[in-house]
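The values are calculated or read from the model by the stated rules, or taken from the named source; none is laboratory data. None of the values given here were measured: they were computed from a predicted structure. When we count neighbours, we look across all protein chains shown, and the Cβ atoms used for this are built from the backbone with ideal geometry, even at glycine. The protein model used for the area step is the full one, side chains on, heavy atoms only, and it has no ligands, DNA or RNA in it. Shrake-Rupley method; radii C 1.70, N 1.55, O 1.52, S 1.80 Å.
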Amino acid sequence: MAPRLAAALGGTTVTEYGRDYAESHGIAFTMTDLVLIAKGHLAATKEVLAKRPRYLISDTDPLITAVWADMLFGQRDPWFDRFDQVADFYLLFDIDLPWVADGTRVFGDSAARQLFFDLSRAELEK
């Protein structure tokens, strides 16, 4: 969806750094991995913003990586609570489409999907 929105708005996209990370390192994440993912995504975002695009559509950001920490470990590294470079606008998509296993996705059962959605929503509302 992010590339489609960027194209429609005349903007650019920052892809999901965590997907690239998972494809290279696997999905047995540690808390250190999640902080590295968040920082990698943040660095990619800063790089694109330096080019001053009309619009920047980001596939995800460190707020959602923090939710991954909550899901996987029941806690998060303090780095996530210090993160304050939030976007101007967020879209949270519902879980009404079928889940597709692609080798990097986890939380595929309906209860886990609902919990991840609920935690994501709470994080964005906070």
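Points to keep in mind about this one:
- Close Cβ contacts (under 6 Å, 6 or more residues apart or on different chains) running from residues in segment 14-43 that are within 17 Å of A101 (Cβ to Cβ) to residues that are open to solvent by 60 Å² or more (accessible area, probe 1.4 Å) comprise E16/D59.
- When R52, R4, R105, R82 are checked against the criterion of being on the phi > 0 side of the Ramachandran plot, out of contact with any strand residue (DSSP E or B) (no Cβ under 6 Å at 6 or more places or on another chain) and either touching a residue at least 24 places away in the same chain (Cβ under 8 Å) or among the charged types (D, E, K, R) (or both), R52 stands alone in meeting it.
- Residue ID - modelled with the lowest pLDDT, chosen from residues in segment 96-121 that are among the aliphatic types (A, V, I, L, M) and within 15 Å of the chain's Cα centre (by Cα): V106
- Scanning segment 62-88 for residues that are at pLDDT 95 or above and assigned to a loop (DSSP other than H, G, I, E, B) yields a count of 4.
- Filter result for F29 (at negative phi, in contact with a helix residue (DSSP H, G or I) (Cβ under 7 Å, 6 or more places away or on another chain), outside any loop (DSSP other than H, G, I, E, B) and surrounded by 11 or more Cβ atoms within 10 Å (Cβ to Cβ)): no
- Any hit, segment 54-69, residues being under 23 Å from A8 (Cα atoms) and open to solvent by 80 Å² or more (accessible area, probe 1.4 Å): yes
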